[in-house]
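Report on the structure given below.
Read the figures in this text as sums done on the coordinates, not as results from a lab. Computed from a predicted model, the values in this text were never measured in an experiment.
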Amino acid sequence: MHRKALIAIAVGSIIGATLPGAYADQQSEQQAAAAPRAATQDAGSAQSVAAAGRTDRDGDGAKDQRDIRSDERDIRAERTDISRDKSDIQSDRKDIQADHREIQADHRDIQADRKDISQDRADIRSDQKDLRHDYAERREGVNEQADISRDKADIRADRKDIQADHRDMQAERKDIARERADIHADQHNVRVDQHDIRADQRDVRADQHDLRTDHQDLRADRGSMRTDRDNHRIDAGNLKPGMTSATLANNAAENSKKAQNTQSVHKAWYHFW
């Protein structure tokens, strides 16, 4: 072969081996420069998403805590209402029992007054009989004026007793009516308090259910927050512990450069032959 032809082949081989290597170096440098930026952007994006998630969960956790405090206050208030209603029921039942006893006592007093009235009327009849007898003896000339005066006095006293007994009976009947009205009122209050107790007990059960749900939500939010803190220690690209985005970028650049150099050597030998 001619000498100039051999020189041309050698020069072409040298140029073919050099240019791909330079091109590969340029590509490696661009990839090395781009890798840290991409890794930083990915990490920043992942951190932004994680921060937004933590903010949402922090807000949910604060709301759950407020709900828990509100439910606990409601339960305490409802239990206080239940205790007060039970105390009112006991008081009303005591009043009902007392009113029943007073009604029974008034009935006994009325019966006693009726007996007194019957006795006074019998005394009046007896005094009137004695008075008629005294008048008859006076007409016969017997001085019965003292007996007559005494019988009249007894009749007046018995009539007064009858009037007093009637007044007592009227008062006792009024007492009975008032005590019966008190009993009806107390019974109504007992029914209202029992209804309130049942309503408060239902509210307590509902608040306890809400409280358990809020505690579960709070535990879930706290578990998510712990998971976020654990994941925050790992890079957005799920790197092994101890590796950073810059280390990953440098490794990627070196691997790309090695691959390009290997490819360039292969092309150079191909062109040479």
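Residue pairs exceeding 27 angstrom between C-alpha atoms, taken from LYS63/LYS86; LYS115/LYS152; LYS94/LYS174: LYS63/LYS86. The convex hull of the Cα atoms of region 51-202, projected and averaged over all directions, covers 11.9 nm². Under the rule a/c < 1.5 gives rounded, and otherwise a/b versus b/c splits prolate from oblate, where does region 80-145 land using the Cα gyration tensor? Note, shape of region 80-145 comes out prolate.
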